[in-house]
1. Which entry in (1) 12.4, 34; (2) 15.3, 54; (3) 13.6, 43 is this structure's computed Rg and Dmax of the Cα atoms in Å?
2. Once label points are set 7 Å from the Cα along Cα→Cβ at both residue 11 and residue 67, what is their separation, rounded to one decimal in nm?
3. Considering the zone a paramagnetic label at residue 51 would reach in this model (a point 7 Å from Cα along the Cα-to-Cβ line), which residues of segment 1-45 have amide N under 18 Å from it?
4. Given the options 103, 70, 47, which has the most mean-square fluctuation in a GNM of the chain, springs set between C-alpha atoms less than 10 angstrom apart?
5. Given only helices, namely DSSP H runs of n ≥ 4 each adding -39500 (n - 2.57), what is the per-residue ellipticity at 222 nm of the chain, to the nearest 500 deg cm²/dmol?
6. What list do you get for 32, 60, 3 if you sort them by fewest beta carbons within 10 Å?
7. Report the residues of segment 57-101 in range of a label on residue 23: point 7 Å along Cα→C-beta, backbone N strictly under 12 Å from it.
8. Once a ≥ b ≥ c are taken as the square roots of the eigenvalues of the Cα gyration tensor of segment 1-58, is the result rounded (a/c under 1.5), prolate (a/b larger than b/c) or oblate (a/b not larger than b/c)?
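We did not get these values from a lab; they are worked out from the coordinates using the rules stated. Computed from a prediction, not measured in an experiment: that's the story for all the values here. So basically every Cβ, Gly included, is an ideal-geometry build from the backbone, and we count neighbours across all protein chains shown.
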Amino acid sequence: MSTIIWHNPRCSKSRETLALITEAGEHPQIRTYLDDAPSEAEIRDILALLSIEPRALMRTGEALYKELGLAGVSDDAALIKAMADNPRLIERPVVIKNGKARLGRPPQAVLEIL
């Protein structure tokens, strides 16, 4: 199975994670998730692979998070929909391989699944 990275080329952590993956000999499929937003189902799948709650995948410091009033939202489905509708809210990068996923925070965390 190929390695997939949900990547934002403007993010230093995402670029560093991509470099680590490449240095490990992988040739990942790069998904620029801001242009190719994941669906609600894909986000649910990633949350399950990461074993985290939706808010843990969100960029809570993002101005859009505050603008949308998401701090007061407790419904997981609403948070997942917000990420699908506004992919800027998704923490990055996310790396997927062989039915496992890791959030590249810190970037070295993704090496566990390569």
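1. Label of the calculated value: (3).
2. Placing both labels 7 Å beyond Cα along the Cβ direction yields 1.8 nm.
3. 44-45
4. Taking springs between Cα atoms under 10 Å, the residue moving most is 70.
5. Value at 222 nm, helices only: -9500 deg cm²/dmol.
6. 60, 32, 3
7. Within reach of a label on residue 23: no residues.
8. prolate
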